[in-house]
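J.: Just passing along the structure, written as structure tokens.
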Amino acid sequence: MLWHLMRRRIYIPLSGIRLVGLFVFVWMVLPAGAQTTPGSQACQGSTVDLQGADFAQKSRVFLTGLQNAVKSDDKARVAAMISYPLLVIHGDRKTRIKTKAEVLGQYDAIFDAHVRQAIAQQSAKCLFGNYQGAMIGDGEIWFREQPNGTMKIVTVNRSAGSNSL
């Protein structure tokens, strides 16, 4: 490729390549902090605001309700905020939880300390959103709007954001 560029007399100075490489390295290495950014800092990435004002408002109300339910250990309320079947991911294992009763029976395993911490630390301002829904933390929880207009949890990924599977 370099020979092709040289034949066309297009030269890229070596210092320019080093500068671009340094920029890419710094961009990739520095933590983004997109999901738990304090209110005084700008959010990184796509927030629910880009999905429309109605979606953003519903997502933030849902997040606050979920945070309150988890904080008060209201398992029945959390189970009512789920769309069934719920996809639960842990490492390479994917499980579908089909009923509220199953969630209640496995609640402490599904909503383990890592997932509960991600929910508690999520900033409403920097809540990530895209066409698939809204994401808490690094993907520990995904929720989306249902056909009836309510928000429901669709996925719990216990492995997201953690180094241990």
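Values quoted throughout were computed directly from the atomic coordinates according to the rules given, and no laboratory measurement underlies them. Just so you know, these numbers come straight off a predicted model, no measurement behind them. Because the Cβ atoms are built from the backbone with ideal geometry, glycine has one as well, and the counts that use them run over all protein chains shown.
J.: Considering amide H positions built from the backbone, and no H for Pro or chain starts, which residues 5 or more places from Leu127, or on another chain, come under 5 Å of its amide H?
T.: Amide H to amide H, under 5 Å and 5 or more residues apart or across chains, Leu127 pairs with Val48.
J.: Which value in nm describes the separation of the simple spin-label points at Ala42 and Gln132, placed 7 Å from the Cα toward the beta carbon?
T.: Result for the modelled spin labels: 2.6 nm.
J.: State, to one decimal in nm, how far the label point of Arg77 lies from the label point of Asn148, with both points 7 Å from Cα in the Cβ direction.
T.: Modelled inter-label distance: 1.9 nm.
J.: Set the Förster radius R0 to 22 Å, insert the Cβ-Cβ distance between Ser162 and Tyr107 as r into 1/(1 + (r/R0)^6), and round the FRET efficiency to 0.05.
T.: 0.70
J.: What share of Cα pairs, in percent, lie more than 20 angstrom apart in segment 80-165?
T.: 30
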